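Colleague: My questions all concern the structure below.
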Amino acid sequence: MTKQLILASSSRYRRELLDRLGLPYLAESPDIDESSLPGETPRETALRLSEMKARAIWEKHPGSVVIGSDQTANLLGEKLGKPHTRERAIEQLSRMQGNTVVFATALCVIDAEGNAKKLESLTTIRMRKLSRETIEAYVDREKPFDCAGSAKIEKLGIALMASVESDDPTSLIGLPLMKLTTLLAEAGIEVLPGILED
């Protein structure tokens, strides 16, 4: 019997990434509190929220395989969230310019029996030194209000970056597909036959 696959997300970026695997799936938005806990590091926040998102949807659809993911951006120990407004995007990028930002993308897959497996993918970005004019021009063209760190690597935001180091090129966009294919295979959903064989 084919297992129902559900993406616990309303993010169009994550849907576009999951579409690449050619698997049938549903997408459903989890209704959870995404606030950080006191004393929690950005990486810990991402891992916890990825499981909370997946668990919230799995409890509505037990017996399904559910994917949860969350991403945080860490600038010099401070968590950067989604800016939501032009002013906050400009302020974020002004603080990021010339600095290194670490993005933690956490992934959780809950199998049909309710067992959760979590992994994380880290991406280190060194931002270029940017003028206020450059930042404002970018924000006005891209309107990156719905992504942590205010810069979209898959679009014009890559021009703001001096270097990118990651173990998965899809991680920064919001869903690390290399790690996901492994977790899906372990949960009984193969993207390709024998995907776990090295």
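A short reminder: the numbers here are calculations on the coordinates, not readings from a lab. Quantities reported herein were computed from a predicted structural model and do not represent experimental measurements. Heads up, the Cβs are rebuilt from the backbone with ideal geometry, glycines too, and the neighbour counts pull from every protein chain shown.
Colleague: Find how many whole Å separate the alpha carbon centroid of segment 104-143 from the alpha carbon centroid of segment 24-51.
Modeller: 13
Colleague: At 222 nm, what helix-only mean residue ellipticity would the chain give, in deg cm²/dmol to the nearest 500, using -39500 (n - 2.57) for each DSSP H run of four or more?
Modeller: -9000 deg cm²/dmol
Colleague: Taking 8 Å as the Cα distance limit and 6 or more residues as the minimum spacing, I'd like the relative contact order of the chain as a percentage.
Modeller: For the chain, the relative contact order is 21 percent.
Colleague: Which peptide among 107-113, 118-124 comes first, and what is the full order, when sorted by highest mean count of other Cβ atoms within 10 Å?
Modeller: Top to bottom by mean Cβ count within 10 Å: 107-113, 118-124.
Colleague: Of the cross-linked pairs K82/K129; K117/K155; K79/K152; K3/K179; K3/K82; K82/K179, which ones have a Cα-Cα span greater than 29 Å in the structure shown?
Modeller: Check vs 29 Å cut-off fails for K117/K155; K3/K82.
Colleague: So, one more: If R₀ is 25 angstrom, what is the calculated FRET efficiency for the pair K155 and N115, using the beta carbon separation as r and rounding to 0.05?
Modeller: 0.10
Colleague: Treating the Cα atoms of segment 8-60 as identical point scatterers in vacuum, please give the log10 of the normalised Debye intensity I(q)/I(0) at q = 0.17, 0.24 Å⁻¹, two decimals.
Modeller: Here the Debye-derived log intensity ratios amount to -0.61, -0.98.
Colleague: While we're on this one: For the residue pair S36 and R88, what label-to-label distance in nm results when each label sits 7 Å from Cα along the Cα-to-beta-carbon direction?
Modeller: Going by the 7 Å Cα→Cβ label model, 1.4 nm.
Colleague: Sort 63-72, 156-165 by packing, meaning the average of other beta carbons within 10 Å per residue, with the highest value first.
Modeller: Result, highest mean first: 63-72, 156-165.
Colleague: What number do you get for the chain when its Cα radius of gyration is normalised by 2.2 N^0.38 Å, N = residues?
Modeller: Cα-based Rg divided by the globular estimate yields 1.05.
Colleague: Which order, highest average first, do 46-52, 125-131 follow once you tally other Cβ atoms within 10 Å for each residue and take the mean per peptide?
Modeller: Those peptides, ordered most packed to least, come out 46-52, 125-131.
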